[in-house]
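This report refers to the structure that appears directly beneath it.
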Amino acid sequence: MSLKIVYGRAGSGKTTYCLNELKKRIESGNQGKIIFLVPEQYSFQAEKDLIEVLNANGILKTEVLSFQRMAYRIFNEIGGITYPHIHPAGKSMIIYRILDKLKKEINIFSKSCDKEGFVNNVSSLISEFKRYNVDPKELLNAREEISENVLNEKLYELGIIFEEFNKTLAERYRDTDDDLTIAAKKLLENPIYDGAEIWIDGFISFTPQEYKMLETLLKQAKKITLTLCIDEFDPESLTDKLDVFRESKRA
């Protein structure tokens, strides 16, 4: 395994470097998997750019993936999708039912349960918890260290709502927000990217879920090239909260 970090300001040629490297690998007749990993919203443009660089009508030897698409590929190859994914509207309905069920146990949120947009806010919070690998027990444990009553109570209520949501969901459905966590575990058991060469481009930073995927890929891949939009590698600049490159430098 080797890791190469290519960095520079926007427009300095990082993506072009990756595309040219991909072209060399494809034209050399490389037999291993070749992956171009980009943010979801950039995946179509990345495919188009790669086709233009290759001067071809399509790409057969390279996979242009986002983290979510990679998770689907892993599930397709080695399994992992037992239940159907729940629709966002279905997720909101489950949360609404849970709030109604827990009305007697929650004090802070009981006054807001019926307000417009509250269920969507709770749904968004649960998604954030999952992306950052926060589980209900951590919320319930965190409240013990907080003396401020309102915040303490909110953490408790969020913890029991989140816990009940996971229990309800596990009976019949799967949440899309869990896909990367499950995919990383599946990948540890089934090294389908052994010997692969991966180029990662277009990310400002990564969530803990994505870091877990990267950790697993780094153990399997032959070579990973990662681009970051930063001006210089200077650890001291991480303390500058006004630095526009701070998040990428932390990554």
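What pairs come out if I take residues in the range 162-181 that are more than 29 Å from Leu214 (Cβ to Cβ) and pair them with residues that are modelled with pLDDT of 90 or more and not in a strand (DSSP E or B) whose C-beta lies under 8 Å away, six or more apart or interchain?
Glu164/Ile98; Glu164/Lys101; Glu164/Leu102; Thr168/Ile94; Thr168/Arg97; Thr168/Ile98
Where the second residue is in a loop (DSSP other than H, G, I, E, B) and exposed (fewer than 13 other Cβ atoms within 10 Å of the Cβ) and the first is in contact (Cβ under 8 Å) with a residue 60 or more places away in the chain and lies in the range 188-208, which pairs have Cβ atoms under 6 Å and are six or more apart or on separate chains?
If the second residue must be in a loop (DSSP other than H, G, I, E, B) and exposed (fewer than 13 other Cβ atoms within 10 Å of the Cβ), the pairs left are Pro208/Tyr132.
Might you let me know whether the range 83-90 holds any residue that is at pLDDT 90 or above and either over 27 Å from the mean Cα position of the chain (by Cα) or crowded, with 17+ Cβ neighbours inside 10 Å (or both)?
no
Please work out which residue is surrounded by the most Cβ atoms within 10 Å (Cβ to Cβ), limiting yourself to the range 1-16 and to residues that are touching a strand residue (DSSP E or B) at 6+ places or on another chain (Cβ under 6 Å) and closer than 19 Å to Phe203 by Cα.
The initial filter retains those residues of the range 1-16 that are touching a strand residue (DSSP E or B) at 6+ places or on another chain (Cβ under 6 Å), namely 2-7, 14.
From the residues that got through so far, the ones that are closer than 19 Å to Phe203 by Cα too are 3-7, 14.
Numbers: Leu3: 13, Lys4: 11, Ile5: 13, Val6: 18, Tyr7: 17, Lys14: 20.
Here the residue is Lys14.
Take the range 17-33 and flag every residue that is out of contact with any Leu (no Cβ under 7 Å at 6 or more places or on another chain) and surrounded by 13 or more Cβ atoms within 10 Å (Cβ to Cβ). Show your work before the answer.
Just the residues of the range 17-33 that are out of contact with any Leu (no Cβ under 7 Å at 6 or more places or on another chain), to begin with: 17-18, 20-21, 24-25, 27-33.
If the condition is that a residue be out of contact with any Leu (no Cβ under 7 Å at 6 or more places or on another chain) and surrounded by 13 or more Cβ atoms within 10 Å (Cβ to Cβ), then Tyr17, Cys18, Glu21, Arg25, Asn30, Gly32, Lys33 are the ones that fit.
Which numbered condition trips up Gly80, out of (1) at positive phi; (2) touching a Ser or Thr at 6+ places or on another chain (Cβ under 8 Å); (3) modelled with pLDDT under 90?
Single failed check for Gly80: (2).
Where residues in the range 172-195 are assigned to a loop (DSSP other than H, G, I, E, B) and open to solvent by less than 50 Å² (accessible area, probe 1.4 Å), which of them is nearest to Ala89 (Cα to Cα)?
Restricting attention to the range 172-195, the residues satisfying the condition of being assigned to a loop (DSSP other than H, G, I, E, B) are 173, 175, 190-195.
After this cut, where a residue has to be open to solvent by less than 50 Å² (accessible area, probe 1.4 Å) as well, the list is 175, 192-193, 195.
Details: Asp175: 12, Ile192: 34, Tyr193: 35, Gly195: 41 Å.
Filtering the range 172-195 for residues that are assigned to a loop (DSSP other than H, G, I, E, B) and open to solvent by less than 50 Å² (accessible area, probe 1.4 Å), the one nearest to Ala89 (Cα to Cα) comes out as Asp175.
Taking the range 17-55, which residues are farther than 16 Å from Ile204 by Cβ and not in a helix (DSSP H, G or I)?
Ser28, Gly29, Asn30, Gln31, Gly32, Lys33, Ile34, Ile35, Phe36, Asn55, listed by residue number.
Take the residues of the range 196-211 that are open to solvent by 20 Å² or more (accessible area, probe 1.4 Å) and polar (S, T, N, Q): which is nearest to Arg9 (Cα to Cα)?
Filtering first and then ranking leaves Ser205.
Yes/no per residue for (1) hydrophobic (A, V, I, L, M, F, W, C); (2) surrounded by fewer than 16 Cβ atoms within 10 Å (Cβ to Cβ); (3) touching a helix residue (DSSP H, G or I) at 6+ places or on another chain (Cβ under 6 Å):
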{"site": "Ile106", "(1), (2), (3)": "yes, no, yes"}
{"site": "Cys113", "(1), (2), (3)": "yes, no, yes"}
{"site": "Asn120", "(1), (2), (3)": "no, yes, no"}
{"site": "Leu125", "(1), (2), (3)": "yes, yes, no"}
{"site": "Glu128", "(1), (2), (3)": "no, yes, no"}
{"site": "Asn133", "(1), (2), (3)": "no, yes, yes"}
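Name the pairs whose Cβ atoms lie under 7 Å apart, with the first residue in the range 25-38 and aliphatic (A, V, I, L, M), the second open to solvent by 60 Å² or more (accessible area, probe 1.4 Å), and 6 or more positions between them or separate chains?
Hits for this filter: Ile26/Lys61; Ile34/Lys61.
The values are calculated or read from the model by the stated rules, or taken from the named source; none is laboratory data. For clarity, every value in this text was computed on a predicted model and none was experimentally measured. Neighbour counts run over all protein chains shown; Cβ positions are idealised from the backbone, glycine included. What goes into the accessible areas is simple: the full protein's heavy atoms, side chains included, and nothing from ligands, DNA or RNA. Shrake-Rupley method; radii C 1.70, N 1.55, O 1.52, S 1.80 Å.
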